[in-house]
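Participant: Sharing a structure here in structure tokens format.
No lab work stands behind these numbers, since they all come straight from the coordinates. A quick note: this is a predicted structure, and the numbers were derived from the prediction, not measured. All Cβ positions, glycine included, derive from the backbone under ideal geometry; neighbour counts span all protein chains shown.
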Amino acid sequence: MLRVKRKAFLTIAIFVAGVMLGATSTSAAGQSLDELYKLALKEGGTLNFYATLAQINAEKILPVFEKRFPGIKVNHVDATADKLAARAITEARGGRVISDIFQMALENVLQVIDQKLVVDWLPPEAAAYPANLKAANWMAADMVIITASWNTSLVKKEDEPKQFDDFADPKWKGKLIAEARDVELLIGLAKHKYKNDEKAFDFVRKLAANNIEFHKGHSELAEFLVAGQAAACVTCYAHHYPPRIKKGAPLGYMLTEGIATITANALAKDAPHPNTARLFYRWSASEEGQKAYAAGGRLPPHPKVEPVEKIRPATVYPIGTDEIKEWRKYEKIWKEILKLR
Amino acid sequence: MATATIPLIGRVNMPTLRDPALLVPVIGAGILVYLAVLPLLMLFVGSFQAEVAPREFVYTLKNYKAAYASEYTYSTFMNSLIFASGSAALSFVLGTMLAWLTERTNTPLRSIFVPIAVVPLILPGVLESIAWIFLLSPKFGYLNVWLTSLFGLRSPPFNVFSLPGMIWVHSVGQVPLAFLLMVAAFKSMDPSLEESAMMSGANTWQTFRRVTFRLLMPTVASVMLILFVRTLESFETPALIGIPARIYVYTSEIYLAFNEYPPDYGRGGALAVGLLLLSAVGVWMYTRVTKEGKKFQTVTGKAFRPRQFDLGGWRWVGFGFLTFYFVFVVLLPFLVLFWASFLPFFATPSWDALNKLSLDNYRYLGGFRPFWDAMKNSIILSTLTATVAMVLTSLVAWIVYKSRLPGSWILDFLAFVPITIPGIVMGMSLILLYVAFPVPIYGTIWVLLIAYVTRYIPYGMRAASGSILQIHNELEEAASASGASWWETFKRVTLPLLRPGLVAGWIYICIVSFREFSTSVLLATGESRVLSILLFTMFEQGQVTVVAAIGVLMIATLLSIVAVFYKLTGKVGIQT
């Protein structure tokens, strides 16, 4: 009698637990943004946003979120992705989690995931995205196009590059700048353009022979280009150029081909403001949020949202999960050829 | 040098064991041990730890191997050596020339140049480096562009992104210190030896070479040492100029170790221990050379006036040199920052650029929350640091010089220890400390407060002990004889007499902590931004003209603090 009773009790308990669990997850999925907003307000109204989002875009995008959800202020912690990752790791070691949500280059998001600083959670809005733009614990927030750009006062119209290969020409010697960490250029060309590793390595060797000057930070590269520090940039971000050109900067950029990298969102584990983080994550993944990103000058990955600025090139070489897997291999060769640390 | 040390003439009545006020100095001492010693212990321990899995550590010696037997060890060592000795030499030469011209010669208008030589202290190290990048960047630096077009040169004459460039930029920021130290030395020289030489027929140059300079040798050695050590510990120039130029020194190697994936505390710690040892050796040598004269403030009774050299016609050359220095080395960085702050993006001066001038950057800052957060944090931190440091060091100075507590000399030593700790090492040590004991102050401004207070205790001690030594015991004894307790005496007699020294120390610590960079760079987070880090981050991200605007506002704030100081105490200058 007792055994049967215990078995029955256990069965019922498991059933109830299952229903409750299901109910919670269902309610999370079925929860409207406004319900989540109310929970977020109770957390104090701050979001610690560890994001590499360039100021020039953030100042247009974040106010839209703050206007949509009054009472919530975004504390944008702005640094290059490697520093943000290092910072999050150090903070975790110090026993404090400060970040609520990460939004940075996929390769750096994978680092914080590797360090067990992220929860496995995707917003229900993720359903609209293709499989190669998401995983269990991250999804694309926007896409960044790496392409070539130049100073129009220093480069004649007929010399403007039409494709990356043009930079192999010795006429560009001593006139180029690039970002030291843009291994994506090598990966994109090897896997999608040439479909041949050796050809891609050869191209990078020719670039090395042109004595590229390396700097850290794409915004900095754009500013250097404007100032005339170099004639052209081999790996610059397309979305940096329309706003600067509007301000009168003498710049041009390539739209024939480009490398598409993913900037990913990931929710921090033990975040100090978890509901606020979820709210932002859901908003930025939604059509509404993606339209704000587009209006702010970014390239939205949402299949139904088009970019506002002309920043999507005709041919795109995407760097998704498969390409990221071979990152280390290509990074090693990139650093060797270009003699980088 | 005619200086006199005051012997310690007897001690004030100690509170008895029954007097609860005894707790106050003992607590002060305990705090000092916690601040000065514990982080160093954690640093040492941390240098033997390696991470094998996220947040799992084992003990190993491989960090030292990675730090001192890697392919980069030699270049880091050579770069650091050249950078430190080059800067020490250059800032010494410039500082001595300025000091000599203004103190010991009849150069016209020399008294105006004294405060001017000290003005660069107002410019935070980060801004100094940024301003010189604006001026000497190879392709678009203003000086390069101007000289190239003026002389029709084929390539720009200067490249700031080089070791000589780093040496120049750092030296320029250190000249005020060299200047003040050498001025003090020149002021206190006994002229009788020089007069004897002149009377025996030596000319100005011979006297300088064979008498003046020889008399100065101990001071020269000590000044060069302190300049060398301070350069070795600095991080502003290595960060802003060295890293883009890929010239790495010890401080930048430590910083890079922390920003790798995953952050390598072990290697950073091993490097930091080495740097700390170098620094400690340097400071020890410095104290030996100065025979501990700097630790005790001394009363200098001046019984003579140092001799003025008559330069004859050459005094106009001296004047020319001072003017050139003022315009090109002191004024130009300020001007270029001011100019750049009105531009939408960096551009050389031209009619076209003039059309683009606007207040946009300032308007932008008006609504830019991180700027106001950083300004608020910097002001709070600098004022709190100065207050806490001065209160703490007054107590400690009282224990050391006025009480009969046995072993109080240990406190004096402990208070001096932080001067050997480079800022970035301090930042590192505190991270390691709060990793081992996860008290959740990491990431807040409180850990920054702890770091700053620890760093500036030696300066506070110098100010406090200098003042305390000059207070005669009779006053305190009188209060005690009239029935005041220890605490009442301290509060109502000692503290008010200490006030001038405390104010000077307070102002100095406030200014240096407002500008602080190398400690903050590892410790400041999104919730605890300070201005110097905001400058650095935004400059790295290419918002150079907004950075110039922040810089202008930062300088204005610092100038206001100095102006307040000038009003309160009637002095402009730093106690050395």
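Participant: Once a ≥ b ≥ c are taken as the square roots of the eigenvalues of the Cα gyration tensor of segment B:172-273, is the result rounded (a/c under 1.5), prolate (a/b larger than b/c) or oblate (a/b not larger than b/c)?
Facilitator: On the way: a/c = 4.49, a/b = 3.61, b/c = 1.24.
The shape class here is prolate.
Participant: Enumerate the helices in chain A for which the Kyte-Doolittle hydropathy averages 0.0 or more and the C-alpha atoms extend at least 15 Å along the helix's axis, using complete DSSP H runs.
Facilitator: The qualifying helices are A:2-30.
Participant: To the nearest 20 debye, what charge dipole does chain B have about its Cα centre, counting +1 at the Cβ of each Lys and Arg and -1 at the Cβ of each Asp and Glu?
Facilitator: 960
Participant: B:Ala202 to B:Phe437: extension gain in nm, 0.36 nm per residue of separation minus the Cα-Cα distance?
Facilitator: 77.9 nm
Participant: A further question follows. When B:Arg230, B:Arg499 are ordered from fewest to most other Cβ atoms inside 10 Å of their Cβ, what list results?
Facilitator: B:Arg499, B:Arg230
Participant: Shifting gears a bit: So how far, in whole Å, is the C-alpha centre of segment A:234-276 from the one of segment A:102-163?
Facilitator: That distance is 8 Å.
Participant: Next question, about the same structure. For segment B:517-536 and segment B:541-563, what is the centre-to-centre distance using only Cα atoms, to the nearest Å?
Facilitator: 15
Participant: Taking the alpha-carbon distance from A:Lys246 and a cut-off under 12 Å, which aspartates and glutamates remain once sequence neighbours fewer than 8 residues away in the same chain are dropped?
Facilitator: A:Glu309
Participant: Which aspartates and glutamates does A:Lys162 reach when only Cα atoms under 14 Å apart count, and residues fewer than 8 places away in its own chain are ignored?
Facilitator: Once the sequence-local aspartates and glutamates are set aside, what remains near A:Lys162 is A:Glu257.
Participant: Let me ask another. Rounded to the nearest 0.05, what FRET efficiency is calculated for A:Ala168 and A:Lys195 with R0 set to 30 Å and r the Cβ-Cβ distance?
Facilitator: Working: r = 18 Å, r/R0 = 0.60.
Efficiency, from the Cβ-Cβ distance: 0.95.
Participant: Then there is this: Cut-off 19 Å, label point 7 angstrom out along Cα-to-Cβ of A:Thr315: give me the residues of segment A:179-203 whose amide nitrogen falls inside.
Facilitator: A:184-203
Participant: At what distance in nm do the modelled label points of B:Glu56 and B:Ala478 sit from each other, each positioned 7 Å from its Cα along Cα→Cβ?
Facilitator: 7.1
Participant: Pairs of alpha-carbon atoms within less than 8 angstrom and 6+ residues apart define the contacts here; what relative contact order does chain B have, in percent?
Facilitator: Details: 816 pairs, mean separation 130.1, N = 576.
Reported as a whole number, the value is 23 percent.
Participant: If you don't mind, there's one more thing I want to ask. In whole Å, what are the extents of segment B:47-115 along the principal axes defined by its C-alpha atoms, from largest to smallest?
Facilitator: 67, 25, 14
Participant: Now for a different question. With the cut-off at 22 Å, tell me which of the pairs B:Lys402/B:Lys567; A:Lys134/A:Lys304; A:Lys175/A:Lys339; B:Lys402/B:Lys491; A:Lys60/A:Lys134 have Cα atoms farther apart than that.
Facilitator: B:Lys402/B:Lys567; A:Lys60/A:Lys134
Participant: Give me the distance between the Cα centres of segment B:453-472 and segment A:188-221, rounded to whole Å.
Facilitator: 58
Participant: Does chain B classify as rounded, prolate or oblate by the C-alpha gyration tensor (a ≥ b ≥ c root eigenvalues; a/c under 1.5 gives rounded; else a/b over b/c gives prolate, otherwise oblate)?
Facilitator: Oblate, because a/c is 1.5 or more while a/b does not exceed b/c.
Participant: What is the spin-label model distance, in nm, from B:Arg154 to B:Val45 if the labels are put 7 Å beyond Cα along the C-beta direction?
Facilitator: Simple spin-label model gives 6.2 nm for this pair.
Participant: Please arrange B:Thr525, A:Thr46 by how many other C-beta atoms lie within 10 Å of their C-beta, fewest to most.
Facilitator: Numbers: B:Thr525 25, A:Thr46 16.
Fewest-to-most Cβ neighbours within 10 Å comes out as A:Thr46, B:Thr525.
Participant: With an 8 Å Cα cut-off and a minimum separation of 6 or more residues, compute the relative contact order for chain A in percent.
Facilitator: On the way: 591 pairs, mean separation 87.7, N = 341.
Contact order relative to length: 26 percent.
Participant: What spacing in nm lies between the two simple spin-label points modelled at B:Tyr72 and B:Thr387, each 7 Å away from Cα in the Cβ direction?
Facilitator: With each label placed 7 Å out from Cα toward Cβ, I get 4.2 nm.
Participant: Now a separate question. For an R0 of 41 angstrom, estimate the FRET efficiency from the Cβ-Cβ distance between A:Lys246 and A:Asp120 and round to the nearest 0.05. Don't skip to the answer; put the middle values down first.
Facilitator: Values: r = 41 Å, r/R0 = 1.00.
That pair, A:Lys246 with A:Asp120, gives E of 0.50.
Participant: Between B:Ile116 and B:Gln470, what length comes free when the chain is fully extended (0.36 nm per residue of separation minus the Cα-Cα distance, one decimal in nm)?
Facilitator: Working: separation 354, 0.36 × 354 = 127.44 nm, distance 3.07 nm.
Separation in residues times 0.36 nm, less the Cα-Cα distance, equals 124.4 nm.
Participant: Determine the calculated [θ] at 222 nm for the protein assembly as shown from helices alone, applying -39500 (n - 2.57) to every DSSP H run no shorter than 4 residues and normalising by the residue count; nearest 500 deg cm²/dmol.
Facilitator: Mean residue ellipticity, 222 nm, calculated: -18000 deg cm²/dmol.
Participant: Mind sorting A:Ser32, A:Ser149 by how few other Cβ atoms lie within 10 Å of their own Cβ, fewest first?
Facilitator: Values: A:Ser32 9, A:Ser149 26.
So the residues, fewest neighbours to most, are A:Ser32, A:Ser149.
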